[in-house]
Amino acid sequence: MEKIDVITGTTAAAIGAKLANVEVIAAYPITPQSECVEVLAKFIADGEFDAEYIKVESEHSAMAACIGASATGVRTFTATASQGLALMHEMLYIASGMRLPIVMLNTNRALSAPINIWCDHQDSITERDTGWIQIYAKDNQETLDSIIQAYRIAEDEDILLPVMVCIDGFILTHTVEPVSIPDEKKVRDYLGIYEPKHAYLDPDRPITQGPVGVPECYMETRKHIWDAMERAKKVIKRVNEEYYEIFNRRYGNGLVEGYNLENADTVLVAMGSVCGTIRYVIDKLKEKGKNVGLLRIRTYRPFPKEEIKEMLEGVENVGVLDRNVSFGFNMGALGTEMLATLRDKKICNYIVGLGGRDITPSNIEEIIRHLEKCEDVETKWIGLKE
Amino acid sequence: MVTIGAIIYEPGSTVRNKTGSWRTFRPVLNSEKCIKCEICYIFCPEGAIYEDEKGNFKINYDYCKGCLICSKECPTNAITRIREEK
Amino acid sequence: MDKRFPREELFAPGHRGCAGCGASILVRMALKAAGRDVIVVNSTGCLEVFTTPYPETAWRVPWIHTAFECGGAVAAGIERAIKALKKRGKFKDRKITVMPIIGDGGTADIGLQALSGALERGHDMVYIMYDNEAYMNTGVQRSSATPLFASATTAPPGKRSKGEDRPKKDMPMIAAAHGIPYVATACISYPEDLMKKVKKACEIEGPTFIHVLQPCTVGWGYNPEDTIKIGRLAVETGFFPLYEIEHGEFRITYRPPKRKPLKEYIRMQKRYRHLTDEDIEILQKYVDERCKLLGLE
């Protein structure tokens, strides 16, 4: 039997890391992540958990310390948000380039300036090309489960890529929900101990990690990551099923999750906690006899092109919600990628909820109304003040 | 085949790269004058000076780049220099 | 007969260091002193570049490089990972030395924050700053370790410039201010002194910092054969005093019988060739004052 606790998303992530038996944690506070590393610190202070905890002096060093520890051959964890993730940017490429299965919680928060501590996805979307797998959880239960799954995915020998679990700042980080806590022994049996065959620092087996990638080898290292991303789609689906077998919870097929897609001509595509709001609106409309569907992108990297195509087959109106902006191209990132994925469809892109602007049910209704009227590809800002 | 993460599993594999071809001057060690003080041995940036089984110091010309630190630092002038010829 | 220096070569030949490279000499000495149970961390720089062009490596010990500014943090992660592995029963009863070997730029400039964090948190490591007094890897740009009046490509002499206009940043004293158990200076021209200090640092629990002066033939402008001679002159003139600070106690480890005039050191290097005798006098005064401060007459 799983115990149920009423906890925040950050606590759920911390419990996930504890259950995964991470061995080295690098911690640096930043709103709205801080509670996650505070909870881990308390576990250790209370003797409930015996991980090495490095109180680093910046997020750059947090990622650098995780890289050093992971390259030595242990399971690592860190958490960040926004400016902290941006400061890590350089090291994110190094973690994936060195093929280190680091797992990180990112609590999505807007980027400065002006400084803003509230939710949007600009921080992690900006890191989409770093070679990290990105999972966007919709609630606190999924946050905990995703952290555990992340280790299984990252450490798979076919993958060996770092994983970022993204949760909406404040909306999930500071809201309590009932969360089922998996049995510790079950999780530890499921994940096992991290014993890398490829990357270790051991005087008995001296290897060189992070050499100069001369032009004769650099391109191949990029292709390796590309291929691992492709393989990750299969592994993520498999892990989703394995997890269901053991812990009785799954999230769509691991990559995408549909809601009310059958017979829906109009479908909204979104990531993160806003999917809860969308489902609420969908249910309400259904009562009025109107059929609208939701396709939640759970795994943004690797991007599940095939699944999206399949699940949106025959759908006429596709509305994509983006909590981020690609300045200059003037669309959201998900919008542009959906456009590239579904070349023959009408896709409208909605810029929503930047810097903590609420996305209300009436915003969603407005989107649906606009989408059904709209004739061609268009990007529209929703919830903007005049 | 490039390894995953471009990790190098063969320690000391630069030995394949014979840097002796860089040399313009060749240090020549006269064993009779050598007092085995190990000065040339420790100051060689290449580790190209070694002690043979008989306890004599030798220069490994496969790697010696001809910096001549050994010649300069030898307290008994046991290491002279000659210009390399091709 | 006892060997003066250990014979094991943990740093392989065939690396692409310049003829007469001081950094290579330092690495050979440091690894001979430390032995096999060491994990080396490099930051981006000369040493990393010339020792590891894929698929070759000069290293016969475990080695890692990630980026430029994070050597202290990477080393911290490794140190804690070793602790974690020991909990699993690995490396039982062995002291594995984590040894960042990082240049002056990666230490005194861009990596200062990560280093400070690592020293302050007390990670067990032997941090070696190999100091060639400029960014040699990228073409001799000035670092905060570049000494006063030295020429660098971003501190060139000219009608309105005598080269670098600031004195060298005092890294060992900055390290010492963290209250760490051991700080030392060393120079490759004094191998026994250097190796003794590395060995001592390896045995000490907690963070240790060794600042090693390492002449650079390209950046300083001299014939490769003079690498050791120039290092020796840096010490003999008092330009680079050799000392250690063990548990807060300061001690000069090498006292030149009589300090040589700084001019002998300066005139051997092209990076100082724009200086007049009067300029060298200014430098001499500066060195005299510093020596006095350290008790080196």
Would you mind listing the helices (runs of 4 or more DSSP H) fully within segment C:1-99 where at least 2 residues are among the aliphatic types (A, V, I, L, M) and facing chain A (nearest Cβ under 9 Å)? C:71-87
Within 30 Å of B:Ser71 (Cβ to Cβ), open to solvent by less than 30 Å² (accessible area, probe 1.4 Å) and β-branched (Val, Ile, Thr) - does that describe any residue in segment C:161-181? no
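So, restricting to helices (runs of 4 or more DSSP H) that lie completely within segment A:65-164, which ones have at least 3 residues that are open to solvent by 10 Å² or more (accessible area, probe 1.4 Å), within 26 Å of A:Gln209 (Cα to Cα) and assigned by TED's automatic domain parsing to the domain that holds A:Ala51?
On the way: elements: A:82-97, A:122-125, A:140-154.
The qualifying helices (runs of 4 or more DSSP H) are A:82-97.
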Is there any pair with a first residue in segment B:3-18 that is within 8 Å of chain C (Cβ to nearest Cβ) and over 13 Å from C:Pro53 (Cβ atoms) and a second that is charged (D, E, K, R) and part of a helix (DSSP H, G or I) whose Cβ atoms are under 8 Å apart and which are 6 or more apart or on different chains, and what are they? none
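Test A:Asp189 against the criterion of being among the acidic types (Asp, Glu) and without any contact (Cβ under 8 Å) to a residue 40 or more places away in the chain, and give yes or no.
Taking the combined requirement at face value, the residue satisfies it.
This table checks each residue for (1) in contact with a Gly (Cβ under 8 Å, 6 or more places away or on another chain); (2) in contact (Cβ under 8 Å) with a residue 60 or more places away in the chain.
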position	(1), (2)
C:Asn42	yes, yes
C:Val74	yes, no
C:Ala81	yes, no
C:Lys86	no, no
C:Phe91	no, no
C:Gly105	yes, yes
C:Gly111	yes, yes
C:Met129	yes, yes
For segment A:210-256, give me each residue that is more than 22 Å from the chain's Cα centre (by Cα) and not in a helix (DSSP H, G or I). A:Gly210, A:Pro211, A:Val212, A:Gly213, A:Val214
Name, by its number, the condition in (1) under 30 Å from A:Gly73 (Cβ atoms); (2) open to solvent by 50 Å² or more (accessible area, probe 1.4 Å) that does not hold for B:Thr3. (2)
Within segment B:31-44, is there a residue that is at the interface with another protein chain (Cβ under 7 Å from one of its Cβ atoms), under 15 Å from the mean Cα position of the chain (by Cα), under 15 Å from C:His15 (Cα atoms) and not charged (D, E, K, R)? no
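I'm checking my understanding of the structure. Among residues of segment A:93-114 that are farther than 23 Å from A:Gly9 by Cα and of a type in the set (A, V, I, L, M), which one is farthest from the chain's Cα centre (by Cα)?
Only one residue fits best here, namely A:Ala113.
Got at least one residue in segment A:213-226 being within 14 Å of chain C (Cβ to nearest Cβ) and open to solvent by less than 20 Å² (accessible area, probe 1.4 Å)? Let's see the steps before the verdict.
Quick first cut of segment A:213-226, residues within 14 Å of chain C (Cβ to nearest Cβ) only: A:213-222, A:224.
After this cut, where a residue has to be open to solvent by less than 20 Å² (accessible area, probe 1.4 Å) as well, the list is A:217, A:221.
Yes, some residue in segment A:213-226 is within 14 Å of chain C (Cβ to nearest Cβ) and open to solvent by less than 20 Å² (accessible area, probe 1.4 Å).
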Pairs under 6 Å by beta carbon, first residue more than 7 Å from chain C (Cβ to nearest Cβ) in segment A:44-72, partner aliphatic (A, V, I, L, M) and in a loop (DSSP other than H, G, I, E, B), six or more apart or different chains? A:Ala51/A:Val22; A:Ala62/A:Val56; A:Ser70/A:Leu100; A:Ser70/A:Ile102
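Within segment B:14-24, does at least one residue satisfy the condition of being touching a Ser or Thr at 6+ places or on another chain (Cβ under 7 Å), over 18 Å from C:Thr227 (Cα atoms) and surrounded by 15 or more Cβ atoms within 10 Å (Cβ to Cβ)? Can you show your working first?
If we filter segment B:14-24 for residues that are touching a Ser or Thr at 6+ places or on another chain (Cβ under 7 Å), which is where we start, we get B:14.
Filter once more, so that each one left must be over 18 Å from C:Thr227 (Cα atoms): B:14.
Those still in the list that are surrounded by 15 or more Cβ atoms within 10 Å (Cβ to Cβ) too: B:14.
Yes; the residues of segment B:14-24 include at least one that is touching a Ser or Thr at 6+ places or on another chain (Cβ under 7 Å), over 18 Å from C:Thr227 (Cα atoms) and surrounded by 15 or more Cβ atoms within 10 Å (Cβ to Cβ).
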Regarding segment C:196-205, can at least one residue be identified that is within 29 Å of B:Glu73 (Cβ to Cβ), within 12 Å of chain B (Cβ to nearest Cβ) and not in a loop (DSSP other than H, G, I, E, B)? no
Would you mind telling me which numbered condition in (1) touching a Lys or Arg at 6+ places or on another chain (Cβ under 7 Å); (2) crowded, with 18+ Cβ neighbours inside 10 Å; (3) under 15 Å from C:Asp104 (Cβ atoms) C:Asn137 fails? (1)
Among the residues of segment C:115-124, is any at pLDDT 95 or above, in contact with an Asp or Glu (Cβ under 8 Å, 6 or more places away or on another chain), not in a helix (DSSP H, G or I) and not aliphatic (A, V, I, L, M)? yes
Hey, can you tell me all the residues within segment B:55-73 that are open to solvent by 20 Å² or more (accessible area, probe 1.4 Å), assigned to a loop (DSSP other than H, G, I, E, B) and either aliphatic (A, V, I, L, M) or within 13 Å of B:Tyr41 (Cβ to Cβ) (or both)? B:Asn56, B:Asn60
When C:Glu249 is evaluated against the numbered criteria (1) within 28 Å of C:Phe209 (Cα to Cα); (2) touching a residue at least 12 places away in the same chain (Cβ under 8 Å); (3) not basic (Lys, Arg), which criterion, by number, is the only one it fails? (2)
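Please work out if A:Ala41 is over 20 Å from the mean Cα position of the chain (by Cα) and either part of a helix (DSSP H, G or I) or at pLDDT 95 or above (or both). It would help to see each step written out before you state the result.
Values: over 20 Å from the mean Cα position of the chain (by Cα): yes; either part of a helix (DSSP H, G or I) or at pLDDT 95 or above (or both): yes.
Yes; evaluated as a whole, the condition is true for this residue.
Check segment A:197-204 and report whether any residue there is outside the structural domain of A:Ile359 (by TED's automatic domain parsing), within 25 Å of A:Leu92 (Cβ to Cβ) and buried (at least 24 other Cβ atoms within 10 Å of the Cβ). If you could, list the steps in order and put the result at the bottom.
Narrowing segment A:197-204 to residues outside the structural domain of A:Ile359 (by TED's automatic domain parsing): A:197-204.
Narrowing the set further to residues that are within 25 Å of A:Leu92 (Cβ to Cβ) leaves A:197-201.
When the remaining residues are screened for being buried (at least 24 other Cβ atoms within 10 Å of the Cβ), the result is A:201.
Yes, segment A:197-204 has at least one match.
The values are calculated or read from the model by the stated rules, or taken from the named source; none is laboratory data. Bear in mind the structure is a predicted one, so any value in this text is a computation, not a measurement. A quick note on method: Cβ atoms are made from the backbone with ideal geometry, for glycine too, and the neighbour counts reach across all protein chains shown. To get the accessible areas, we keep the full protein, side chains included, count just its heavy atoms, and leave off ligands, DNA and RNA. Shrake-Rupley method; radii C 1.70, N 1.55, O 1.52, S 1.80 Å.
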